[in-house]
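The values are calculated or read from the model by the stated rules, or taken from the named source; none is laboratory data. Just so you know, these numbers come straight off a predicted model, no measurement behind them. Positions of Cβ are backbone-derived with ideal geometry, glycine not excepted, and every protein chain shown enters the neighbour counts. For the accessible areas, the whole protein counts, side chains as well, though only heavy atoms, and no ligand, DNA or RNA atoms are used. Shrake-Rupley method; radii C 1.70, N 1.55, O 1.52, S 1.80 Å.
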Amino acid sequence: MKKAFDPIIDENSRLLILGTMPGEKSLQLQQYYGNRGNQFWKILFSILNEPFSMEYNDRKLLLKKNGIALWDVLQFCERTGSLDSNIKNELPNDFDAFYDKYKNIKYVLFSSKNAAAYYDKYVKRKPHLTYDVLPSPSGANATKPLSEKMLIWGQKILPLLH
């Protein structure tokens, strides 16, 4: 059974980005989006106009500085490899307790269609929150080039930060 990470969040977070479940490399490193092939951090540093950093503490600070929280829909699952299609026997995180604790969250963006699907299956959308789906930053998602992902992420995230 694989276990997800605690959220990266503080009381100033207004925007929550939700993934499905950390992949093998992320679990090994104990870092969100730890696989170098994943474009998550490249996209965020770029759209927030900050110099890219490989340091995980810098990455967490980037999120907090911009009011962005990061978490996963699933708390536990069985999975061989890192593909969402291999997930089984999944258990979601406790979003009722999460939203009760972090009342400043106004926006929820899913980092993939799969994350949105698991959320809808187990959590259901809350009427007081605004939701949207981003193109997956996974290197395995070759349907859009990095430049297009950056453009879409920027268009969807930046207006929510101010």
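Annotations
- Ligands, DNA and RNA left out, the 1.4 Å accessible surface of the chain is 50% carbon and sulfur atoms.
- Relative contact order [Cα under 8 Å, 6+ residues apart], region 17-89, whole percent: 41
- Alpha-carbon Rg with Dmax, taken over region 1-79, Å: 12.4, 38
- Placing unit charges on each Cβ (+1 for Lys and Arg, -1 for Asp and Glu) gives region 1-160 a dipole about its Cα centre, and among Gly67, Phe95, Leu158 the Cα reaching farthest toward its positive end belongs to Leu158.
- Computed label-point distance, nm, for sites Glu55 and Gln75 using a 7 Å Cα→Cβ extension: 3.4
- Placing +1 on the Cβ of every Lys and Arg and -1 on the Cβ of every Asp and Glu, with nothing else charged, gives region 52-134 a dipole about its Cα centre of roughly 280 debye.
- Only alpha carbons enter this Debye calculation for the chain, each as an equal point scatterer, and the log10 of I(q)/I(0) it gives at q = 0.10, 0.11, 0.15, 0.21 Å⁻¹ is -0.32, -0.40, -0.78, -1.69.
- Between the residues Thr143, Tyr131, Leu44, the greatest Cα displacement towards the positive end of the dipole of the chain, with unit charges on the Cβ of Lys, Arg, Asp and Glu, is found for Thr143.
- Where the chain is the region considered: accessible area per residue in Å², 1.4 Å probe: 52
- Using the Cβ-Cβ distance between Lys25 and Asp132 with R0 set to 30 Å, the FRET efficiency from 1/(1 + (r/R0)^6) comes to roughly 0.65.
- Filter on Lys101/Lys149; Lys64/Lys88; Lys113/Lys156; Lys42/Lys64; Lys42/Lys144 - keep pairs with C-alpha separation over 20 Å: Lys101/Lys149; Lys64/Lys88
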